[in-house]
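Working notes, beginning with the structure itself.
The values are calculated or read from the model by the stated rules, or taken from the named source; none is laboratory data. Everything numeric here is computed off the predicted structure, so don't read it as measured data. Backbone-built Cβ (ideal geometry, glycine too); neighbour counts: all protein chains shown.
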Amino acid sequence: MKYDVIIIGAGAGGGVAAKVLTAAGKRVLLIERGRWLTFESTGRDHLRNQRMSLYGHNAGPSDDHPRVVELPNGQERVVLPWQEGYQANAAAVGGGTPVYGAQAWRFHPTDFKMATTYGVPEGSSLADWPIGYDDLAPYYEAVEHELGVCGDAGAMTHLPPYRRDYPMPPQPLTRPGALHRRGAAALGWSTVPVPLAINSVPYAGRPACIRCQHCVGFVCPVDAKNGAHNTFIAHAIASGKCDLITDAMVERVQMRDGHATGVSYFDAKGRRTLAEAEVVVVAAGAVETARLLLLSGITNDNIGRNLQGHVYVGAVGLFEAEVYDGLGPGVTTATTRWSHDNDGVVGGGMLADDFIVLPAIFWKRYLPPGAPRWGLAAKHWMRDHYRRCSEIKGPIQDIPSPQARVTLDPRVRDRWGLPVARLSGTTHPESIRTARFLHAKAVEWLKASGAVEVWGEPPAAPYLSGGQHQAGTCRMGHDPATSVVDAHCRVHGTDNLYIADGSVHVTNGGFNPFLTIMALAYRTAEGVTKRW
């Protein structure tokens, strides 16, 4: 069967594109390498999930998808999706959205013009976007209401005024949130409720959040967390115009004289299949989208460069009294004060209280120096301290480097015989300097909130930043010499091949990027409907 549009990847971007295109009457084939996730069938092991994959994870990809990581010292190693260095994003219908934390931030207007604002640090590839905040504002609004976001638009004073408030009020304030709002006020810092794609009240036929402790890394037990899977993709399928194929691996985009004619893929039984279309949209995530373009023989030296995720910084504070109240999702309060306009710093970032940290994750990642790690003393330390701790953390505005990149490995292949992604390089040193700046602010905030002890260190040296916030490998721009897609997210040198995921981000903002991925995919798909 020949389709109007084939979309590769049923994640945040691909799901939005499928809904917009089917609503315009297009016949769509949506291909996903993962599977549907349900609460009943998805693991809830505290040691095997998307937030901490110590022994495995619960939302894919499978071990059929290894990668090769080139270390700074020149050594290399093959890693599986749940192992350190893989830069994993979930592989499922909905992409990472069934198991994400759902912080639904818009990017700051200055995030779109970083080079103009700060200049270009030596050795970096910092650049402006070919579009600005105003171009995306109507699409941010559309996504917020079609997806379902809770928050307080009037509190977002770092942004231009919203045309409409969020469709739901913020999640109720937690005990740690109230504590940190008092601390910020003592410092003279303004705070905002964290916008979340989680129902604070019943919305669109799904119930309100039950405030359990298992949000990040897990499927919602009552379907109150809103993602591509239960909104945009559900609407696309309900239209009768979208065929979804799961457990399928796309081999290549079929190209002829700059025109995409369709794709070849392996179905769940390993059979190679061809599908034809008038338009192809790639939405496989920043690593796999770059890999697929390279496998498809598309020549542009920028493909795979500028990989960035988010360097995260944070600190943990110990308080005299218990601050843990067990009420999820946990994150309620943020400050955007340090997003920009910081003396001597390129960019900045956002800081917030954290989602509930499960005891096993706290034990693995957040113990202070000198805390006992074994035996009865360790158990007593957790008993006496876990409920008295709270964390402040957030992402910084990564400074992209052309040497942080995705290429095809010349030796290692996946189960389908395709060269796997090879990851190399590091984030720019300027990112580490920004991380140190923001870490100091996290420490200051915790102390102002009453913490009697604070621990945690910023990264000491550049490292490869990707992970579930991966972006940048097929960046937007007017010039094919420095970018992969144009301002409409169409691949340079082609007439009908588009990208609808975070790989087109020129910079990744100082905020969680999924809302920007969705808004940009909405804009891209709308453009496709007008051109095809």
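What the table below lists for this structure:
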read-out	value
Single match in LEU136, LEU126 (criterion: aliphatic (A, V, I, L, M), surrounded by 15 or more Cβ atoms within 10 Å (Cβ to Cβ), assigned to a loop (DSSP other than H, G, I, E, B) and touching a helix residue (DSSP H, G or I) at 6+ places or on another chain (Cβ under 7 Å))	LEU126
Every residue from the range 398-423 that is farther than 30 Å from LEU438 by Cβ and in a strand (DSSP E or B)	THR407, LEU408, ASP409, PRO410, ARG411, VAL412, ARG413, PRO419, VAL420, ARG422
Unique match (being farther than 14 Å from TYR312 by Cα, surrounded by fewer than 15 Cβ atoms within 10 Å (Cβ to Cβ) and in contact (Cβ under 8 Å) with a residue 12 or more places away in the chain) among PRO400, PRO372, PRO368	PRO368
Flag for THR507 being surrounded by fewer than 24 Cβ atoms within 10 Å (Cβ to Cβ), hydroxyl-bearing (Ser, Thr, Tyr) and in a loop (DSSP other than H, G, I, E, B)	no
The range 471-484, subset more than 16 Å from GLU288 (Cβ to Cβ) and aliphatic (A, V, I, L, M), residue farthest from the chain's Cα centre (by Cα)	ALA481
Hits in the range 195-223 - residues which are in contact with a helix residue (DSSP H, G or I) (Cβ under 9 Å, 6 or more places away or on another chain) and either among the β-branched types (Val, Ile, Thr) or assigned to a loop (DSSP other than H, G, I, E, B) (or both)	PRO195, ALA197, ILE198, ASN199, ALA204, GLY217
Residue list for the range 178-194, restricted to those being part of a loop (DSSP other than H, G, I, E, B) and touching a residue at least 12 places away in the same chain (Cβ under 8 Å)	TRP189, SER190, THR191, VAL194
Cβ-Cβ under 6 Å pairs, at least 6 apart or on other chains, the range 1-19 side surrounded by 24 or more Cβ atoms within 10 Å (Cβ to Cβ), far side basic (Lys, Arg)	VAL5/LYS26
Scope the range 112-142; condition in contact with a Leu (Cβ under 6 Å, 6 or more places away or on another chain) and in contact (Cβ under 8 Å) with a residue 60 or more places away in the chain; matching residues	MET114
Residues within the range 259-294 that are crowded, with 17+ Cβ neighbours inside 10 Å and not β-branched (Val, Ile, Thr), tallied	17
From GLY94, GLY85, residue being surrounded by fewer than 21 Cβ atoms within 10 Å (Cβ to Cβ) and in contact (Cβ under 8 Å) with a residue 24 or more places away in the chain	GLY85
Matching option when the condition is under 21 Å from the mean Cα position of the chain (by Cα) and on the phi < 0 side of the Ramachandran plot, among GLY227, GLY183	GLY227
Flag if HIS46 is closer than 23 Å to ILE245 by Cβ and either surrounded by 16 or more Cβ atoms within 10 Å (Cβ to Cβ) or of a type outside the set (Gly, Ala, Ser) (or both)	no
Residues that are in contact with a strand residue (DSSP E or B) (Cβ under 7 Å, 6 or more places away or on another chain) and aliphatic (A, V, I, L, M), drawn from the range 97-130	ALA102, ALA104
Entirely in the range 279-397, the helices (runs of 4 or more DSSP H) that have 2 or more residues that are among the β-branched types (Val, Ile, Thr)	286-295
Qualifying residue in the range 226-239 (condition: part of a strand (DSSP E or B), buried (at least 24 other Cβ atoms within 10 Å of the Cβ) and in contact (Cβ under 8 Å) with a residue 40 or more places away in the chain)	no
LEU318 being farther than 18 Å from PRO459 by Cβ, touching a residue at least 40 places away in the same chain (Cβ under 8 Å) and not small (Gly, Ala, Ser)	yes
Condition check for ALA268: without any contact (Cβ under 8 Å) to a residue 60 or more places away in the chain, outside any strand (DSSP E or B) and touching an Asp or Glu at 6+ places or on another chain (Cβ under 6 Å)	yes
Hits in the range 473-496 - residues which are part of a loop (DSSP other than H, G, I, E, B) and in contact with a Leu (Cβ under 9 Å, 6 or more places away or on another chain)	THR473, CYS474, VAL484, CYS489
Residues satisfying the stated conditions in the range 424-471, i.e. assigned to a helix (DSSP H, G or I) and among the small types (Gly, Ala, Ser)	SER431, ALA435, ALA440, ALA442, ALA448, GLY467
Residue check, GLY344 modelled with pLDDT under 95, touching a Lys or Arg at 6+ places or on another chain (Cβ under 9 Å) and farther than 21 Å from VAL216 by Cα	yes
